[in-house]
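One structure is given here, and the rest of the page talks about it.
The values are calculated or read from the model by the stated rules, or taken from the named source; none is laboratory data. Quick caveat, the model's predicted, so the values are computed rather than measured. Backbone-built Cβ (ideal geometry, glycine too); neighbour counts: all protein chains shown.
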Amino acid sequence: MKLETLDATFVIDTFLLLLIGVGPKIALVPFLEMTSTMPQETRRRVLRKMLTTAGSAAVVLLVLGGLLTRLLHFSPGALGVSSGIILLIIAVAMVLGHNGGSSDGMADKDRDPMHAAVYPLAVPYLLNPAGIVVLVTASAEASSVAVFAAVVGILIVILALDVAVFRWAVQVGNHMDAGRMLVTEKIFGFLLAALAVQLILNGLADVGVIHLTSH
């Protein structure tokens, strides 16, 4: 992601990356599965907890991400490699798993719903490694106040989209075709795997291990 110039390409690229990194797609099916047997009020409480946790963490990363990279002495490249590996694990679970990418722990209906709302729904499913990379990189390397403000604005739009999508899902979740959602989840898992590999390659290039040619 280029952080030097505020133009249409930057806005579109940042929007798409944050849509993947903080958007609803990865968390939607696990959320519906975990809350399918819950009372409506409990489902709403889980939704509020998930959204506020992911949103708060995203804001903290955007504000303090640059400081964290300096305090903990890691580069954006190293963050890209580690985040890519974790995202690849999530993508493989989505493609090969039998419960829409959810782990055994997620499928356990007896666990505290509020704990599940924080982990794994808020992090790493709603706010996933791709989003963490974008937010921390923007915090550390934004070239101007305008660029940083644009990222803030895009993040607000994505979080508002999350609120709208998940509120809609709470209302109609019981009427959704589980088979179709599972198919889309598998397909999206393949795409996430490709993004994870790209994050790893970009990270390796940033730290000088490999050289990527641009096309």
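Against the conditions (1) closer than 22 Å to residue 161 by Cβ; (2) among the β-branched types (Val, Ile, Thr); (3) touching a Pro at 6+ places or on another chain (Cβ under 7 Å), residue 86 satisfies every one except (1).
Is it fair to say residue 145 is over 22 Å from residue 52 (Cβ atoms) and not charged (D, E, K, R)?
yes
The set of residues in the stretch 158-215 being on the phi < 0 side of the Ramachandran plot and in a loop (DSSP other than H, G, I, E, B) consists of 176, 177, 207, 209, 210, 211, 212, 213, 214, 215. Of all residues in the stretch 143-152, those satisfying the criterion of being exposed (fewer than 13 other Cβ atoms within 10 Å of the Cβ), of a type outside the set (Val, Ile, Thr) and in a helix (DSSP H, G or I) are 146, 149.
From 193, 160, grab the single residue that is closer than 27 Å to residue 7 by Cβ and either of a type in the set (Gly, Ala, Ser) or at pLDDT below 90 (or both).
Working: 193 fails: closer than 27 Å to residue 7 by Cβ.
Of the residues listed, the single one that is closer than 27 Å to residue 7 by Cβ and either of a type in the set (Gly, Ala, Ser) or at pLDDT below 90 (or both) is 160.
Of the helices (runs of 4 or more DSSP H) entirely within the stretch 1-96, those holding at least 2 residues that are more than 20 Å from residue 126 (Cα to Cα) and in contact (Cβ under 8 Å) with a residue 40 or more places away in the chain occupy 8-22, 40-71, 76-96.
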